[in-house]
Every structure is written in structure tokens, then in C-alpha cells.
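Down below is the structure, laid out as C-alpha cells.
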Amino acid sequence: MNVLLIGGGGREHAIAWALSASPLLSKLYCAPGNAGIAEVAECIALDLNDHQAVIRFCQEMDIALVMIGPEAPLVAGLGDALGESGIRYFGPTKAAARLEGSKGFTKDLCRDANIPTAAYGRFSDRDAAKSYLASQGLPIVIKADGLAAGKGVVIATTRAEAEAAVDACFSGTFGAAGSEVVIEEFLDGEEASFFALCDGTTALALASAQDHKRVGDGDTGLNTGGMGAYSPAPIMTPEMTDCVMRDIIMPTIRTMAARGTPFRGVLFAGLMITASGPKLIEYNVRFGDPETQVLMMRLKSDLLAALLATADGVLSNFDLRWSDDAALTVVMAANGYPGPPLKGTEIKGVEAAKLVPNVEIFHAGTRRDGVRLLADGGRVLNVTGRGRTIAEARDAAYAALAKIDWPGGFYRKDIGWRALKNREL
Ligand code: AMP
Ligand code: GLY
């Protein structure tokens, strides 16, 4: 069958790589793709805001499944438009994508379904937000309600910082995303990324992963989309996984179904593992980036079959097999990231790096200029290693990184530190 993958980051390269190994696949298209994806798929230019254009493409190319990678097209209702035209797609409807599109929506759902999460207040009025702030302790977390590309969260340690964050939201720093504000209790603990395929009624947990959100070594500096990840996450024991499925994922799936907006696709729970158990920080309605890169390295089953079972609502008959190996990915980012990245610098040595055993290099923001490979985004390459342990996977990834010659970029030297702490290095 022919498949159209929407997106052009490292997550989509990893998905394209896994899909291209499927015996069910005839031809893979990707819109827009990138220089790495072009090695396993035909990259095409499609205006993703023009749903009719996407539908026409699918009809002309006989697309049997559209896999939607990023959240923006889901929140904009691309899935609904495809579905109305009888085209099968992987991902939630616009109504179900509110789990990512509105933090306040998710907090209210947690309250209604008794799902453990930080205490909170929702405000569309600046004065009300500030008087709530005055009644709370510190640190405190201020979030723009809507999609803000990961930039709409402030963890304030002083009252002045908290008030400034509220002011920033209401004065339009995040556009419409900040017209409503969620203020929530600060949760202390270790973060983990939890993924479950959901077909509306059934949920199937995927392997666990942890990422590194801060730009600098030692988890310092600005927040990013993720500077590296590894799988499995030692903190996600089988008991912890059962607890998250029972107390967080399944009540969400049941509530969404009961409201007439069943969730189909992959539900990505950002968790804080606190002293009193796992709590939901937020939902995303898509695969994580760069968590997907390490999950795909460990997935032994056919990804395409899993996506089809999810889209067709037959997950209850389905299971996934994972390698016992660990995987670890290091993000190479362009200088300037997470601010405006320097674009167009040349990257050399990727072919040599690919020859390092147990390594895959996923492209995130690259393009070709003839034979030259150029940086074309903030996060640019995901150098991913596999090994019997996280330490071995890390060693493979860093051995490959040493072969890459790119003065225009940088990477963290300590990916995996939490998993390796107190273990043999
Ligand atoms: P979010 O965009 O909601 O995932 O928030 C971005 C990051 O802010 C999370 O990955 C956490 O590291 C941090 N964060 C968000 N909410 C909280 C909270 N209530 N307590 C502590 N840290 C938080
Ligand atoms: N790595 C976190 C995310 O995909 O949002």
C-alpha cells in the first residue's frame, strides 16, 4: 500500500525509516520531508493548510494511510477532513486533539476523571490570575493555554517572575495561545515520557523513554523541544507502567469516548514521577521528538501494521515486540538554538558516522545543496546508538558524533546521565 507521512523532523525520519521496512509498504511519500527522509521516501511539497490539496494528492496517489506526525495539522483538523473524504489516517480528530491544543481542557478532564495532576486554576482575566497567584506558594508554574511551540511555560521562583509571566501571556506574547492562562502547582520529581497507541477504546503502552529538555549540560539553560533521549527509562518499571495505564491513560480514553470524542492515535503523556506516584504534566497527541527516534530503534514489530490497527480500531487483537537492547539519541542543534538558529552551514562526515556499528542517523532539519548537506533548522541531526545497555548505546552514539565535522552546530555531552547515575559508566 501507499502511505503519506506528514512532517519533516527527526521524528518523521525515524517513522519513515521504520515504515520503509514494512512488507506492507509499496511506496512512501512524505510532505515536506528533509534530506534524510529523501533516502527512504519521495518528498513532496504540499500546503498542509489546504486540506483539499492533501485530499486530492491522496486520491491521485492511491494513499491507503496518512500518518500525521506533528500536532499543528491535527489541531487544525487535517484528520477530520481526510476522514470525511474516506481517507484513512493515523492521529486524533480536532476535537480529541484538544488534549494537546488546550492545557485548560486537559486539566478540567483530569479533575472530572480523577486523574492525578498538579492543582491548578484557569484564567482569562489578568486580575483574577494575579489574585490566585497571591494565594499560592512558590515556585509556581504559569502556562499559556494553547500551542506555543514549547515556549509557553514559565516556572517562576519569585512573585515578580510569576506576575511577569501572567502579564506576558495577556499582552499577547504567545498570540491567541495566551489569551487564557493556566497556573499550577510545581511538581517535584523525575520526568518521563509515556506513549500509548489508542484506538478509541483500547490502549496499548509503548516502550518507555526519557528526554532532556534543557539546552545545556547538567540540565541547565533554556527549555528546548528535546536535546536527546533514551529508552528504556529505568524509572518506568512494569509496576509504574501498570499504574500509569490504570490511573491516567485509561480514564482519559474512557472519558473522551463517553463525551463522543474518542481518542485515536498516539497519546503522549508527559509525566512527573513524584514521591506520591506518577502525575500528568501534560498530554501531546502525537509521537515525541526525539523520543520516537529511540523507540523506533527498539521496535521489532511492523510499525505500519500497528498504525493500521490503531486507525481501524482493532488494537485489542494487537501486540508489539520490543528489542531488549537500549537506544540513545543525541540531538545536534544549530548554533543559536533554541533561539533563532544559524541556517545554511555545511555538515561533513555524516557518511563516515553512519559506518559506526549500531548507529542510525536521523535528519531533523537538513537540506541538500547538490551533494553538500546543509543545516536547515534548529534541531538538525539525531545521532542514535543501540547497545545491550544504555551505556553501550551512548558510546555508539558519541563515537559516531566524533566523526561529524560541523562547526555550525553543538550537542550535549551528557545525554543519559540520569539513567547512568549510580550505575557503571
Ligand atoms: P509542558 O509544555 O507543559 O510539558 O511543560 C514544559 C516543561 O515544564 C515540562 O517538561 C516540565 O519540565 C516543566 N513543567 C511543566 N509543568 C510543571 C509542573 N507543574 N511542575 C514542575 N515542572 C513542570
Ligand atoms: N520531546 C518532547 C516532545 O516531543 O514534545
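With the structure loaded, tell me whether VAL182 is away from ligand 2 (no atom under 16 Å from the Cβ), touching a helix residue (DSSP H, G or I) at 6+ places or on another chain (Cβ under 6 Å) and open to solvent by 40 Å² or more (accessible area, probe 1.4 Å) or whether it fails that test. Even if it seems obvious, please write down each step before you answer.
Details: away from ligand 2 (no atom under 16 Å from the Cβ): yes; touching a helix residue (DSSP H, G or I) at 6+ places or on another chain (Cβ under 6 Å): yes; open to solvent by 40 Å² or more (accessible area, probe 1.4 Å): no.
No: the conditions fail for VAL182.
Among the residues of the stretch 17-31, which ones are open to solvent by less than 30 Å² (accessible area, probe 1.4 Å) and farther than 12 Å from PHE287 by Cβ?
Initially, the stretch 17-31 is screened for residues open to solvent by less than 30 Å² (accessible area, probe 1.4 Å), giving 18-19, 22, 28-31.
Result: LEU19, SER22, LEU28, TYR29, CYS30, ALA31.
Where residues in the stretch 222-258 are within 17 Å of ARG418 (Cβ to Cβ) and free of Cβ contacts under 8 Å to residues at least 60 places away in the same chain, which of them is farthest from ligand 1 (Cβ to nearest atom)?
Among those that are within 17 Å of ARG418 (Cβ to Cβ) and free of Cβ contacts under 8 Å to residues at least 60 places away in the same chain, it is THR237.
I'd like to check something: does the stretch 238-251 contain any residue that is surrounded by fewer than 19 Cβ atoms within 10 Å (Cβ to Cβ), over 15 Å from ALA205 (Cβ atoms) and more than 16 Å from ligand 2 (Cβ to nearest atom)?
no
As an exercise: evaluate ILE15 against (1) farther than 20 Å from HIS363 by Cα; (2) among the β-branched types (Val, Ile, Thr); (3) in a helix (DSSP H, G or I) and give the number of the one condition it does not meet.
(1) is the only condition that ILE15 fails.
Could you go through the stretch 65-86 and let me know if any residue there is part of a loop (DSSP other than H, G, I, E, B), of a type in the set (D, E, K, R) and modelled with pLDDT of 95 or more.
Just the residues of the stretch 65-86 that are part of a loop (DSSP other than H, G, I, E, B), to begin with: 69-70, 76-77, 85-86.
When the remaining residues are screened for being of a type in the set (D, E, K, R), the result is none.
No - not one qualifying residue is present in the stretch 65-86.
Answer with yes or no whether ALA38 is among the aliphatic types (A, V, I, L, M) and closer than 19 Å to GLU180 by Cα.
no
Need pairs with beta-carbon distance below 7 Å; first residue modelled with pLDDT of 95 or more and within the stretch 122-149, second within 15 Å of ligand 1 (Cβ to nearest atom) and polar (S, T, N, Q); sequence gap 6+ or separate chains.
PRO139/THR157
Please pick out the residue among GLY265, GLY365 that is in contact with a Cys (Cβ under 8 Å, 6 or more places away or on another chain), open to solvent by less than 30 Å² (accessible area, probe 1.4 Å), more than 16 Å from ligand 1 (Cβ to nearest atom) and in contact (Cβ under 8 Å) with a residue 60 or more places away in the chain. Step through it out loud before you land on a result.
Numbers: GLY365 fails: in contact with a Cys (Cβ under 8 Å, 6 or more places away or on another chain).
Exactly one of GLY265, GLY365 is in contact with a Cys (Cβ under 8 Å, 6 or more places away or on another chain), open to solvent by less than 30 Å² (accessible area, probe 1.4 Å), more than 16 Å from ligand 1 (Cβ to nearest atom) and in contact (Cβ under 8 Å) with a residue 60 or more places away in the chain, namely GLY265.
Conditions: (1) loosely packed, with under 15 Cβ neighbours inside 10 Å; (2) more than 13 Å from ligand 1 (Cβ to nearest atom). THR274 meets all but one. Number of the miss?
Here THR274 meets the rest and fails (2).
If only one of LEU328, LEU303 is buried (at least 24 other Cβ atoms within 10 Å of the Cβ) and at pLDDT 95 or above, which one is it?
Values: LEU303 fails: buried (at least 24 other Cβ atoms within 10 Å of the Cβ).
Matching residue, one of LEU328, LEU303: LEU328.
Please specify each residue of the stretch 129-153 satisfying the condition of being crowded, with 17+ Cβ neighbours inside 10 Å, within 9 Å of ligand 1 (Cβ to nearest atom) and within 24 Å of the chain's Cα centre (by Cα).
Hits for the stretch 129-153 are VAL141, LYS143, ALA148, GLY152, VAL153.
For the stretch 1-16, give me each residue that is open to solvent by less than 10 Å² (accessible area, probe 1.4 Å) and either among the hydrophobic types (A, V, I, L, M, F, W, C) or more than 23 Å from ASP369 (Cα to Cα) (or both).
VAL3, LEU4, LEU5, ILE6, ALA14, ILE15, ALA16
What is the number of the single condition among (1) open to solvent by less than 20 Å² (accessible area, probe 1.4 Å); (2) among the hydrophobic types (A, V, I, L, M, F, W, C); (3) without any contact (Cβ under 8 Å) to a residue 60 or more places away in the chain that LEU48 does not meet?
Condition not satisfied by LEU48: (1).
The values are calculated or read from the model by the stated rules, or taken from the named source; none is laboratory data. Fair warning: this is a prediction, and the values are worked out from it, not measured in the lab. Positions of Cβ are backbone-derived with ideal geometry, glycine not excepted, and every protein chain shown enters the neighbour counts. Ligands, DNA and RNA are stripped out before the accessible areas are found, and what is left, the full protein with its side chains, is counted by its heavy atoms. Shrake-Rupley method; radii C 1.70, N 1.55, O 1.52, S 1.80 Å.
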